[in-house]
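Colleague: One structure, pasted below without further comment.
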Amino acid sequence: MFIVVGLGNPGREYEDTRHNVGFMVVDALAERAGVQVCDKKFKARVGRARLEGEDCLLMKPETFMNLSGESVGPALGFFKLSTAQVIVVHDELDLPLGTVRLKKGGGHGGHNGLRSLKQHLPDDGFVRVRIGIGKPPPQWDTADYVLSRFASSERAVADSALNEAASAVRAVLKDGIGKAMGHFNRDPEKERAKAERRRKKIEGGADSPAQGNESKATEGES
């Protein structure tokens, strides 16, 4: 069994804000599984779903972001799970908008939701699905920025990231964190550059024998 937690703030005023991308991903997972995250338990909205063959509790804490651990901690204890069976989906200021990365363990990086989880869980060994929301413009306060909604020009990129994050959760459940990280933590630019170098190497290797044969043929003719 796994607990899949989307971090965010409850209430209409926080719907679709950057800080609530975790809620959005949990909603997407629930919709695809044909379930609703509407039962009240553990100070959260919860729903049970079968994802990639695993029994999952989908959670959206209603404690507000800063107290998320007060919701997740009791759920972990109730089901007698380890932190390795917890997947947390959250926003990440330190990643460019639209970037999705996986991580296991580590510090909270100033994220108050993660800070609360670290305070209420036995250890920090939970899996994190990090969704980049980018850094605020110079004139913006960080708190105002994370509680703002995506601009219309950002919406397509944000929606794509939400879909990718939902796929990342499923990949962790299906293949484990190691294999999933290998897939989702790749840098597309580096991958393209590596492929180009490989292509040139192959082409260069293919040319050498041909060039050698041409030289021998020329020598024979003379």
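The values are calculated or read from the model by the stated rules, or taken from the named source; none is laboratory data. Note that the structure is predicted; figures quoted are calculated from it, not measured. Here the Cβ positions follow ideal geometry from the backbone for every residue, glycine too, while neighbour counts run over all protein chains shown.
Colleague: Looking only at the stretch 48-100, which residues are at positive phi and among the aromatic types (Phe, Trp, Tyr)?
Modeller: 64, the sole residue that qualifies.
Colleague: From 22, 47, 34, grab the single residue that is closer than 30 Å to residue 135 by Cβ and not charged (D, E, K, R).
Modeller: After applying the criteria, what remains is 22.
Colleague: Give the number of residues within the stretch 54-69 that are of a type in the set (A, V, I, L, M) and in a helix (DSSP H, G or I).
Modeller: Residues that pass the stated criteria total 2.
Colleague: Considering only residues of the stretch 110-154 that are touching a Lys or Arg at 6+ places or on another chain (Cβ under 7 Å) and surrounded by fewer than 16 Cβ atoms within 10 Å (Cβ to Cβ), which is modelled with the highest pLDDT?
Modeller: Here the residue is 148.
Colleague: Within the stretch 22-37, can one find any residue that is assigned to a strand (DSSP E or B), surrounded by 17 or more Cβ atoms within 10 Å (Cβ to Cβ) and assigned by TED's automatic domain parsing to the domain that holds residue 91?
Modeller: No, because not a single residue in the stretch 22-37 is assigned to a strand (DSSP E or B), surrounded by 17 or more Cβ atoms within 10 Å (Cβ to Cβ) and assigned by TED's automatic domain parsing to the domain that holds residue 91.
Colleague: If you take the residues in the stretch 2-21 that are under 22 Å from residue 118 (Cα atoms) and of a type in the set (Gly, Ala, Ser), which one is surrounded by the fewest Cβ atoms within 10 Å (Cβ to Cβ)?
Modeller: Per the stated criteria, the residue is 8.
Colleague: Further, regarding this structure: Just need a number here: residues in the stretch 1-21 that are part of a helix (DSSP H, G or I) and of a type outside the set (Asp, Glu).
Modeller: 6
Colleague: Could you tell me how many of the residues in the stretch 64-80 are at pLDDT below 95 and either within 18 Å of residue 48 (Cβ to Cβ) or among the polar types (S, T, N, Q) (or both)?
Modeller: Final tally of qualifying residues: 1.
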